[in-house]
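Here is the structure we will look at, set down as structure tokens.
The values are calculated or read from the model by the stated rules, or taken from the named source; none is laboratory data. Given the structure is predicted, the values throughout are model-derived calculations rather than measurements. With ideal geometry, Cβ positions are generated from the backbone for all residues, glycine too; neighbour counts draw on all protein chains shown.
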Amino acid sequence: MASTTFSGPVTSTNGFVGNLTGNVTGNVTGNVAGSGSITHATTSAINATATATAAEVATGYITSTSAAATAITLPTGTLLGAALGAVKGTIFDLYIDNTGGANTVTIVVAVNGILSSGAADTPGSFGDLTVASGVTGLARFTIMFSSATAYVFTRTA
């Protein structure tokens, strides 16, 4: 199949088929077909208690291999929103991988970040901010922006 390059908006009445490369901006509706997997090209390692930078969180995948209990404080809503180019309605998933760690990782929400009502109402699941070590040490958190500088935080897996 031939490749075509466009310099303006593109619309199709029958949908698009193929692979997308580059950046996608604007609203995306419809179905996304493919393998169903996400591969993070870049990850960040935080192996001691620290405040994560917006760039580290923006990778979407943070690992920890610490033998000591570790607390990772998220960046402020202003810093994280700027790094992600967030606007009201932006949704971002953050994965924490503590499978190589020997102690728990605890996520701390920073200024302009609040726990969702689901997290506050059900702290043992949606509000569980600790990630165990070892084979069960994986967690997914969803960050939903209510503005370019404020987010709501929930554990989703």
Single residue of segment 73-83 satisfying the filter (farther than 13 Å from Phe145 by Cα and out of contact with any Asp or Glu (no Cβ under 9 Å at 6 or more places or on another chain)) that is surrounded by the fewest Cβ atoms within 10 Å (Cβ to Cβ)
Thr73
So, in segment 136-157, of the ones that are modelled with pLDDT of 95 or more and of a type in the set (A, V, I, L, M), which residue ends up farthest from Val108 (Cα to Cα)?
Ala148
Within segment 122-157, how many residues are in a strand (DSSP E or B) and either aromatic (Phe, Trp, Tyr) or farther than 13 Å from Asn98 by Cα (or both)?
13
Does Ala55 qualify as being at pLDDT 65 or above, of a type in the set (Gly, Ala, Ser), in a loop (DSSP other than H, G, I, E, B) and surrounded by 13 or more Cβ atoms within 10 Å (Cβ to Cβ)?
no
Just one of Ala102, Ala86 is among the small types (Gly, Ala, Ser), in a loop (DSSP other than H, G, I, E, B), crowded, with 17+ Cβ neighbours inside 10 Å and at pLDDT 95 or above; which is it?
Ala86
From the list Asn27, Asn19, exactly one residue is within 26 Å of Ala148 (Cα to Cα), modelled with pLDDT under 95 and assigned to a loop (DSSP other than H, G, I, E, B). Which is it?
Asn27
